[in-house]
Amino acid sequence: MSRFSGPAIDWENGRIDLSHGSGGRAMAQLIDALFVATFDNDFLRQGNDQAEFAVEAGRMVMTTDSHVISPLFFPGGDIGSLAVHGTVNDIAMAGATPVALSCGFILEEGLPLTDLRRIVLSMARASREAGVPIVTGDTKVVERGKGDGVFINTAGIGRVPPDVHVGGDRARPGHAILVNGTLGDHSIAVLSQRESLGFETSLLSDSAALHGLVARMVAAVSEIACLRDPTRGGLATTLNELATQSGVGMSISEDAIPLKPEVRAACELLGLDPLYTANEGKLIAICPSERADDLLAAMRGHPLGRDAAIIGRVVEDPTHLVVMETQFGGRRILDWLTGIQLPRIC
Amino acid sequence: MMRFVDKFRDRDLARRLAYTIAAEARPEQTYTLMEFCGGHTHAIARYAIQEMLPPVLRMAHGPGCPVCVLPAARVDAAIAIAMQTDVTLCTYGDVLRIPGCRHDSLLTAKAAGADVRIVYSPADALALAQALPGRRVVFFAVGFETTTPPTAVVLLDARQHGISNFAVFCNHVLTPPAIAAIFDTPEDDRSRPCLDGVLGPAHVSTVIGSDAFARFPRDYAMPVVVSGFEPLDILQSILMLVRQINRGSAEIENQFSRGVTAEGNRIAIDLMAQTFETRETFEWRGLGFLPRSALRLRPEFAAWDAEKISPPPPAAAEEPHTACACAEILRGRANPADCRLFGAACTPDTPVGACMVSSEGACAAEWAYGRARRANEKERA
Amino acid sequence: MCLAIPMRLVELLPQGMALAEHDGVRKEVSVVLLKEPALDDYVIIHVGFALSKVDPREARATLDLLTEMAAPGTRPA
């Protein structure tokens, strides 16, 4: 129900038109009836352009992410849940507790309201399950042809516990490298929806909010040095980023990398490398080697870490190479991603 | 049954086969074996097969990567086709980044507004033509005889269903003439390799049959073993070649008997004969003009022939970068590491020559897999 | 590009198509290049077309032969 009078919104057959972005009554009505009603919290109900709240003294983190995924809906998620999970996770990768999110929508003229509502409901559910409210937002409309249905930006803030010191430059030779589960699921689930590729699989995207898992990890092992989620560019690119930032090399074992058979098969079929495909709901953790077993146990005890594994170790290397021991016993340098893989997976 | 694929990757069996090869390769002899197919180049690099072989046995890379041998002039022609405003050009993914004569590519053309789309099958391109009746959909056909029958099927479908807004820009090439070109290089040419045997391509052979290679043992006294792609297939084939060389025989043997027959796939061969004819000559990047080495559409298919509909400008002969060693590498005479540009001006991100462009090219494979091995060797030295 | 992986035919479809499967991934492929494609055949797929069948007995025979050719469980040189 909207506080703003006017013709009732036709959720079933209506579409976004330019009046929804003009700042007038139609826009206010949409925001009220859809965003405020669905996200449902006091911040939004106040109806201001800002959300005001107090924070305890201490270290804060802030992050932002834009989501341009195509198609908008895929097995296991949609652009809305992805937008919430993605930003919550960027906060979590600092070892921080997420406090609040903002979201900005760029809507294309002609977007069916039924799709928009489905996306917003999905975001609300993701936000509620994660316990992180969406406290402020923005809506713009662009002409037909100037946007791909909808683009979403989410920004977030979080609070870093006092004893946590996590950063991309903190990996040291001898540290263990872990992942929380199977790689490549999200990419393959999304690609299976691209008609031009013509394959089917029962894989679901593993997009998920990881802050609960991270909280458990940090509580068990406060000496965690690095956390990062291997999104665009995949595991290999993310390891290269960390190696460069920390000034170290890395040695990983292909045997140890968890991969579902369907992901392996789909990658072989499409000519993709699962080490370079974008992931959601996955993280890389680096910690001192003597704490690796404890960290692994903590991860495996959480639903989002059941398939966690130690995949390698950090080594001394002035050239900052990431080298993988292949299943067959050879060694392969995992370089940064060259050129493009397939577009718009996240 | 498909756990069989895993069995053909059994590491233990591989080591034991490698041991047999080492035991049977005579230390006073050298064995230079050419693997023709890009898929083999990639597998040999990925599974570090060269590392398992004795020092007297060297694998030389051949020109069996259709993306690598596509000349810049043909890329330019494709770009020209794609830049026409009513054209949608469909291409395989690898082809996007091949450099043309002016260091552009279909990828840069796409950024400049050309409608270029990646497809996984020529059937996708035909389906797109049906879905977009207002566009002219052109399929950029590349590949050896493995990839040619699908193009033939799609052309016949287009004709049968009267789909007039579909065309093929044909760059299909032939395997046996390319192998022959390597052996036919004059003795005093420095790019002529000294080969003792050939690892024949498996998937091409499923189409043309292992008999298609019988002329190499017969005319060049060259042993040929048609080999599967798994590491154990490759190692077994190498052992079979070593044994032929040791006993001085030159025969065609089929290691990939689970997929290849002597006569090949008759249905595929017939369909190709219905749709294509052999060109008098065709330019190969790195190898120059080779006679009767490529295909074009038969005259009956002129209405679907992109070259007849928009003839490409006359091809200028390509002038490769003077330091680019692709010509030697494609003939098996040099290794990627021998090229001055490798890893310097020429990297996967900034490819200069054909061998770096495709993920199956010798230089790309060496970049991905070989640098670790050479770094290792340097450490131990 | 030389990508050609073996998949099993799990359903024959009209107009020369079939559903092929490998490790839970299913793909519609054309079987017009095969003589008498049948359910449970293993085929080599390339750019969406089945090019030839993979004969399981030959596969077994090849494995047996190469096992024979391999040296007994000795440490490699």
Hey, can you tell me all the residues within segment C:46-72 that are open to solvent by less than 10 Å² (accessible area, probe 1.4 Å) and more than 7 Å from chain B (Cβ to nearest Cβ)? C:50
Which ones in segment C:14-44 are more than 10 Å from chain B (Cβ to nearest Cβ), part of a strand (DSSP E or B) and open to solvent by less than 50 Å² (accessible area, probe 1.4 Å)? C:18, C:19, C:20, C:25
Which condition breaks for residue B:275 when tested against (1) modelled with pLDDT of 85 or more; (2) open to solvent by 40 Å² or more (accessible area, probe 1.4 Å)? (2)
Give me a count of the residues in segment B:263-281 that are away from chain C (no Cβ under 12 Å) and closer than 20 Å to residue B:304 by Cα. 7
For segment A:230-245, give me each residue that is at pLDDT 95 or above and assigned to a loop (DSSP other than H, G, I, E, B). A:230
Checking residue B:95 against (1) without any contact (Cβ under 8 Å) to a residue 60 or more places away in the chain; (2) under 25 Å from the mean Cα position of the chain (by Cα); (3) surrounded by fewer than 18 Cβ atoms within 10 Å (Cβ to Cβ); (4) within 24 Å of residue B:332 (Cα to Cα), the condition it does not meet: (3)
Of the residues in segment B:19-51, how many are part of a helix (DSSP H, G or I), open to solvent by 10 Å² or more (accessible area, probe 1.4 Å) and at pLDDT 90 or above? 5
Looking at segment A:273-285, can you tell me whether even one residue there is open to solvent by 30 Å² or more (accessible area, probe 1.4 Å) and touching a strand residue (DSSP E or B) at 6+ places or on another chain (Cβ under 7 Å)? no
For segment A:1-43, how many residues are within 30 Å of the chain's Cα centre (by Cα) and under 27 Å from residue A:131 (Cβ atoms)? 14
Lone unmet requirement of (1) closer than 30 Å to residue C:36 by Cβ; (2) open to solvent by 40 Å² or more (accessible area, probe 1.4 Å); (3) in contact (Cβ under 8 Å) with a residue 24 or more places away in the chain; (4) within 14 Å of another protein chain (Cβ to nearest Cβ) for residue B:243: (1)
Could you list, in sequence order, the residues of segment A:287-316 that are buried (at least 23 other Cβ atoms within 10 Å of the Cβ), over 19 Å from the mean Cα position of the chain (by Cα) and not in a helix (DSSP H, G or I)? A:287, A:311, A:312, A:314
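The values are calculated or read from the model by the stated rules, or taken from the named source; none is laboratory data. Quick caveat, the model's predicted, so the values are computed rather than measured. Note: ideal-geometry Cβ built from the backbone for every residue, glycine included; neighbour counts use all protein chains shown. When the accessible area is computed, the model is the full protein with side chains, heavy atoms only, and any ligands, DNA or RNA have been set aside. Shrake-Rupley method; radii C 1.70, N 1.55, O 1.52, S 1.80 Å.
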